[in-house]
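Bear in mind that the values in this text are calculations on the coordinates, not laboratory data. These numbers were taken from a predicted model, which means no experiment stands behind them. Note that each Cβ is placed from the backbone with ideal geometry, even for glycine, and that neighbours are counted across all protein chains shown.
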Amino acid sequence: AIPSADQVRITTSLKSQRGSVWTKNKSIFEYWEVEVTFRVTGRGRIGADGLAIWFTEEQGLEGPVFGAADKWNGVGIFFDSFDNDGKKNNPGVIVVGNNGKLLYDHQNDGSTQALASCQRDFRNKPYPVRVKITYYQKNLTVLINNGFTPDKEDYEFCAKVEDMVLPSQGYFGISAATGGLADDHDVLSFLTFQLTEPGKAAPTPDVEIPQKDKEKYQEEFEHFQQELDKKKEEFQKEHPDMQGQPGKTTCAFFLSADDLFETVSDRELRQVFEGQNRIHLEIKQLNRQLDMILDEQRKYVSAVTDEIAKRGAGFPGQQGQVSQQEIETVVKTQEEVIRQINEMRNSVADALRSISGAQHPGSAAGGYETTQHFNDIKEHLHVVKRDIEHLVQRNMPSNEKPKCPDLPPFPACLSTVHFLIFVAVQTVLFIGYIMYR
């Protein structure tokens, strides 16, 4: 691993490479949190092997587990790029604990030993991928930023392990390895925080790296880059027809050159497709939540109607006055609900228009416009989520809520026919765009 002023290159995009970085001193934190920013980039459609974040009782030596030694005592969070078991569940994030006796199961991608996992693609993203790992009161939580947005706090839940006992003191580290395929594994930051319970003293700040060491690391990194470029040129001259054979050491099949590498346009199309797929899932979830809200509204109105009928039977003289006041109050509430649903409908429509714009990026500024579309879509989805939460809070059952007779049901915000038409049109446009390219 070679450090510089702005990153640490754990491994380079050469075959069968290993690298790692470890803290020199043991961490004495009882509870801790780490935030790691990294990039995994490569020309291949498939990457190998992957990257690992460690907390172990002893410093890890070089070994077969993503560049670090096996039989560790602690925990490893593995970002596995290659699908060894052929189940098409990679790239993925796997949490594996060890008491110093376990041998990592490479053949099955650690699936038989994983305490928790999630499937996330962290290769070749527009922005660096961010990971937040928290260990507090025997609970280990992994959050991840998928690299589609520059927002540093936009994390998604990935995995959680409860009742996990880790060593009271240990070393933090990060390692990576390449196999038959190769990626550049670069770490931009590795921040470690101590978590303290309320009432305990705050920790003292750490001492920064001396400036002389920083300059030495920068010179070493530049020298390494020059040597790496020379090696690549020599390799290309000696093996002009040589194509990479994908996979880790245990891989037993090969891919053609067309399947192995992807062009810039293919990568852009793949990123657009991934973004649209995420938006499609979000819209489906919002549609389900809107249906639930409307169902709850109908139940409340039905219950209110029955209650008013009972009260009207008991107090025939006051029935007209009470019902009139309650009806006016509830009608105002229903009008507010309709207004907010219309706002959410407009937000979804804006998101769909942004999707259509993202399918036709310009020749000069296509990458920038696509990224801008994703950011706009994300903002619209946040607005829709906030409105739905507001509606749910407003429609919570309460004894003091006004009651009214049954009202006609409201139409669905997004019908199934409209949604299917939209999916068909989008598919035709997407296929036409691919044929045009």
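If you stretched the chain out fully between Thr192 and Ser302, how much longer would it get, using 0.36 nm times the residue separation minus the C-alpha to C-alpha distance?
34.1 nm
Dividing the Cα radius of gyration by the Kirkwood radius, what Rg/Rh value follows for the stretch 2-196?
Taking Rg over the Kirkwood Rh, I get 0.92.
With +1 on each Lys and Arg Cβ and -1 on each Asp and Glu Cβ, how big is the dipole of the stretch 13-140 about its Cα centre, in debye rounded to the nearest 20?
Here the size comes out at about 460 debye.
For the stretch 126-141, take each phi angle, set θ = phi - 60°, evaluate the Karplus expression 6.51 cos²θ - 1.76 cosθ + 1.60, and give the result in whole Hz per residue in order, putting x for glycine and proline.
Ordered by residue, 3J(HN,Hα) equals x, 10, x, 7, 10, 10, 10, 10, 10, 10, 8, 6, 6, 10, 10, 10 Hz.
Name the long-range amide H neighbours of Gly67: under 5 Å, sequence gap of 5 or more, or other chain; modelled H, no Pro or chain starts.
Correct list: empty.
Within the stretch 2-196, count lysine pairs with alpha carbon atoms under 13 angstrom apart where the residues are 8 or more positions apart or belong to different chains.
The result is 4.
Which whole-Hz couplings ³J(HN,Hα) result when phi for each residue of the stretch 427-437 is put into the Karplus expression 6.51 cos²θ - 1.76 cosθ + 1.60, θ = phi - 60°, listed in order with x for Gly and Pro?
The phi angles translate into 5, 5, 4, 5, 5, x, 5, 5, 5, 5, 5 Hz.
Excluding same-chain residues fewer than 8 positions from Lys310, which lysines have a Cα within less than 30 Å of its Cα?
Lys299, Lys332, Lys401, Lys403
I'd like the Karplus ³J(HN,Hα) series for the stretch 272-277: coefficients 6.51, -1.76, 1.60, θ = phi - 60°, whole numbers in Hz, and an x wherever there's a Gly or Pro.
Karplus-based 3J(HN,Hα) across the stretch 272-277 equals 5, 4, 4, x, 5, 5 Hz.
Once amide H atoms are placed 1.01 Å from N in the peptide plane, what residues at a sequence separation of 5 or more from Ser27, or on another chain, have their amide H within under 5 Å of its amide H?
Gly170, Tyr171, Phe172
Give the long-range amide H neighbours of Tyr104: residues separated by 5 or more places, or on another chain, with amide H under 5 Å away, using H modelled in the peptide plane at 1.01 Å from N.
Amide H neighbours of Tyr104: Lys71.
Fully extended, how many nm does the chain gain between Ala309 and Glu153 (0.36 nm per residue separation, minus their Cα-Cα distance)?
51.0 nm
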